[in-house]
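K.L.:
The structure follows.
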Amino acid sequence: MASSLIRRAMNVTCRVSLSTVAPASRLVVVRPYAGEAEAQKVEPKAAASTNMKTFQIYRWNPDNPAKPQLQDYKIDLKECGPMVLDALIKIKNEIDPSLTFRRSCREGICGSCAMNINGCNGLACLTKIESGSSETTITPLPHMFVIKDLVVDMTNFYNQYKSIEPWLKRKNPPPTAGKEIPQSKKDRAKLDGMYECILCACCSTSCPSYWWNPESYLGPAALLHANRWISDSRDEYTKERLDAVNDEYKLYRCHTILNCARACPKGLNPGKQIQHIKQLQLTG
Amino acid sequence: MASSLALKRLVSSNILPSSLRVVRPIVTAPSTSRISSTNAMRDGNDVFDPLSPTMSPSQVVNTRDQLMKNPFFSSSRGMATLAKGNEGETGEQKNILRPLSPHLPIYKPQLNSTLSISNRISGAFLTTVLLFSYLLSLKMGSLCLTYSSFYQFFFYSAKLFLVSASVSALAMSYHTYYGIRHLLMDLLKVGVPKVK
């Protein structure tokens, strides 16, 4: 309904200025896009055929630093896609272009749109908008420094991932020189549940231990990847990797709170992998 | 690291004038430069330890605003300090403090996290009860004889003893069950919760 209103408004302005407008700009005007002027006119009003939902979104602008606020936006769910990311893009297009958030693939594989929706971390492109008239609260990933609105500083998270050396390390050359290092199906199956991680940081930022020790505790994501390389049969630095992680703070800040397993949008269980590392430390 | 934390706290309090704030990036750089980014400048108030109350992001920014309005210096001098801070660092970003996104107040409590924190709370409660009751039972006599108000208090609250005993029994049993579950999960992988 809103888009047809825009189209009608565009046609009206188009007809009025058709005689005076040059041919090139006529082509531009006819395209029904929501420009600045049109955006001001779109005011979703609750009617019989609309399904309004309020989104409370965390806002903070570094250019005008003030107290961070929760701003309300009303969206007609009938005109919007099912996922939270669709709602965010609709708000940015039609209501408030200054809303800032990260997004890329819109299908749950890049991990850019990780944020806290209704108290739980998840990917905005995979989280369905809750039906019903309750408000949806969207805040950035918890206990991270906010760059702007829903964008947080992930530098510490990436550095921790780098610190576990997430690449294959060998002491000897491969058994058949020049060819790949063979790995049985069983050994490859050991990596299932770890290689799918997209480094969205939903798990690490849901862990209270990571909130209180962000720089010394590695966090579930980095530890999941540490276990991925420890469990890889092709990797020959297993003992060194275990020793590198075997630290009071790096590994043992985990108290099996298991918020990470609940938050993971890909269905992985970092808590289980951390328990695996702890078991290896006991026995190995 | 503790000394740098103490220094951060001192600098961010209203006691010191703002001219010393320019010194802050250089002083704290060795301890935090490796992992924290150049953009994330942290106030001493942002450091969370179990003893201090956690500050909401609005509180952090508010504290910074209050510091800006400190009667020690005029606003122009405050702005000049900010500009100097610009030059001293990379010269490309503004010297503003970023808020910390909300965590405890907004995160939805779940079964696993509630069980875990109850374990910690019951453990702390049992520790205090144990130590406090030991101390109390040792010193009860001399304490009551010296301070009559304490004697009155203990006389009238003697009935509460049964209640507090049952509460501690509850805490003890919960803590023990959780501890056994933890042991089983760690050693035998029994009862690890399935992922959704």
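K.L.:
Sort A:VAL151, B:VAL167, A:VAL146 by Cβ crowding within 10 Å, fewest neighbours at the top. Before the final figure, lay out the partial values.
P.N.:
Values: A:VAL151 17, B:VAL167 14, A:VAL146 24.
Starting with the residue having the fewest Cβ neighbours, the order is B:VAL167, A:VAL151, A:VAL146.
K.L.:
Further question: For segment A:94-187, build the charge dipole from Cβ charges (+1 Lys, Arg; -1 Asp, Glu) around the Cα centre, then report which of A:LEU150, A:SER133, A:GLN183 sits farthest towards its positive end.
P.N.:
Most positive-ward Cα: A:GLN183.
K.L.:
Okay, next question. If we count every other residue with Cβ under 11 angstrom of A:ALA124's Cβ, Lys/Arg +1 and Asp/Glu -1, where does the sum land?
P.N.:
Values: positive: A:ARG102, A:ARG103, A:ARG106, A:LYS128; negative: A:ASP86.
With Lys, Arg at +1 and Asp, Glu at -1, the net is +3.
K.L.:
Spelling out what I want: for every residue of segment A:182-195, take phi, set θ = phi - 60°, compute 6.51 cos²θ - 1.76 cosθ + 1.60 (Karplus), and round to whole Hz; glycine and proline get x.
P.N.:
x, 9, 6, 4, 5, 5, 5, 5, 5, 7, 5, x, 10, 6
K.L.:
Please compute the average number of Cβ atoms from other chains found within 10 Å of each residue's Cβ in peptide B:121-133. Don't jump to the answer; show the numbers that get you there.
P.N.:
Numbers: counts 0, 0, 0, 0, 0, 0, 0, 0, 0, 0, 0, 0, 0.
Average neighbour count from other chains, rounded to a whole number: 0.
K.L.:
How big is the charge dipole of segment A:59-110 about its Cα centre, in debye rounded to the nearest 20, if each Lys and Arg gets +1 on its Cβ and each Asp and Glu gets -1 on its Cβ? Write down the numbers at each step before the final one.
P.N.:
Details: 9 positive and 8 negative charges, 32 e Å.
That gives segment A:59-110 a dipole magnitude of about 160 debye.
K.L.:
Let me ask something else. Taking θ = phi - 60°, what integer Hz values does the Karplus form 6.51 cos²θ - 1.76 cosθ + 1.60 yield along segment B:168-182, in sequence order, with x for Gly and Pro?
P.N.:
Running phi through 6.51 cos²θ - 1.76 cosθ + 1.60 with θ = phi - 60° gives 5, 5, 4, 4, 5, 5, 4, 4, 5, 4, 5, x, 5, 4, 4 Hz.
K.L.:
Here is a further query. Let's see if you can work this out: charge +1 on each Lys and Arg Cβ, -1 on each Asp and Glu Cβ, no other charges. What is the dipole magnitude of segment A:142-284 about its Cα centre, in debye to the nearest 20? Walk me through the intermediate numbers first.
P.N.:
Numbers: 20 positive and 15 negative charges, 98 e Å.
In debye, rounded to 20, segment A:142-284 gives about 460.
K.L.:
For labels at B:TYR156 and A:LYS78 in the simple 7 Å Cα→Cβ model, what's the distance in nm?
P.N.:
6.6
K.L.:
Further question on the same structure: What is the average number of partner chain Cβ atoms found within 10 Å of a Cβ in A:271-284?
P.N.:
Working: counts 5, 5, 0, 0, 5, 1, 0, 2, 4, 0, 0, 2, 0, 0.
Mean number of neighbouring Cβ atoms from other chains: 2.
K.L.:
Given A:LYS128/A:LYS190; A:LYS239/A:LYS266; A:LYS53/A:LYS92; A:LYS250/B:LYS108; A:LYS239/A:LYS272; A:LYS128/A:LYS266, which pairs have Cα atoms separated by over 23 Å? Please list the in-between numbers first.
P.N.:
Details: A:LYS128/A:LYS190 32 Å; A:LYS239/A:LYS266 29 Å; A:LYS53/A:LYS92 16 Å; A:LYS250/B:LYS108 26 Å; A:LYS239/A:LYS272 20 Å; A:LYS128/A:LYS266 15 Å.
Flagged as over cut-off: A:LYS128/A:LYS190; A:LYS239/A:LYS266; A:LYS250/B:LYS108.
K.L.:
Give me the net charge for the shell around A:ASN246: Cβ to Cβ below 14 angstrom, other residues only, Lys and Arg +1, Asp and Glu -1.
P.N.:
Details: positive: A:LYS239, A:ARG241, A:LYS250, A:ARG253, A:LYS278; negative: A:GLU240, A:ASP243, A:ASP247, A:GLU248.
Taking every Cβ under 14 Å from that of A:ASN246, the sum is +1.
K.L.:
Count, for each residue of A:134-145, the Cβ atoms from other chains sitting within 10 Å of its Cβ, then give me the mean as a whole number. Walk me through the intermediate numbers first.
P.N.:
Details: counts 0, 0, 0, 2, 0, 7, 5, 2, 8, 10, 5, 13.
Neighbouring Cβ atoms belonging to other protein chains average 4 per residue here.
K.L.:
May I pose another question? Residues of segment B:126-140 with amide nitrogen under 15 Å from the 7 Å Cα-to-Cβ point of B:THR146?
P.N.:
B:135-140
K.L.:
Of the listed peptides A:80-93, A:194-207, what is their order by residue-averaged count of other C-beta atoms within 10 Å, with the highest listed first? Spell out each step's value before the answer.
P.N.:
On the way: A:80-93: 19.3, A:194-207: 24.4.
In decreasing order of mean packing, A:80-93, A:194-207 become A:194-207, A:80-93.
K.L.:
In whole Hz, what ³J(HN,Hα) sequence does segment A:65-72 give by Karplus (6.51, -1.76, 1.60; θ = phi - 60°), x for Gly and Pro?
P.N.:
For segment A:65-72, the Karplus curve yields x, 9, 5, x, 10, 9, 9, 8 Hz.
K.L.:
For segment A:79-124, build the charge dipole from Cβ charges (+1 Lys, Arg; -1 Asp, Glu) around the Cα centre, then report which of A:GLY122, A:ILE95, A:CYS80 sits farthest towards its positive end.
P.N.:
With unit charges placed on the Cβ atoms, the residue in question is A:GLY122.
K.L.:
Against the empirical 2.2 N^0.38 Å scaling, what ratio does the C-alpha Rg of segment A:190-282 come to? Intermediate values should be presented prior to the final figure.
P.N.:
Working: Rg = 12.2 Å, N = 93, 2.2 N^0.38 = 12.3 Å.
So the Cα radius of gyration is 0.99 times the expected 2.2 N^0.38 Å.
K.L.:
Also: At what distance in angstrom do the alpha carbon centres of segment A:194-245 and segment A:105-140 lie from each other?
P.N.:
24
Taken together, the values in this text are just the output of simple stated rules run on the coordinates, not laboratory data. Bear in mind the structure is a predicted one, so any value in this text is a computation, not a measurement. Please note: Cβ atoms are built from the backbone with ideal geometry, for glycine as well, and neighbour counts cover all protein chains shown.
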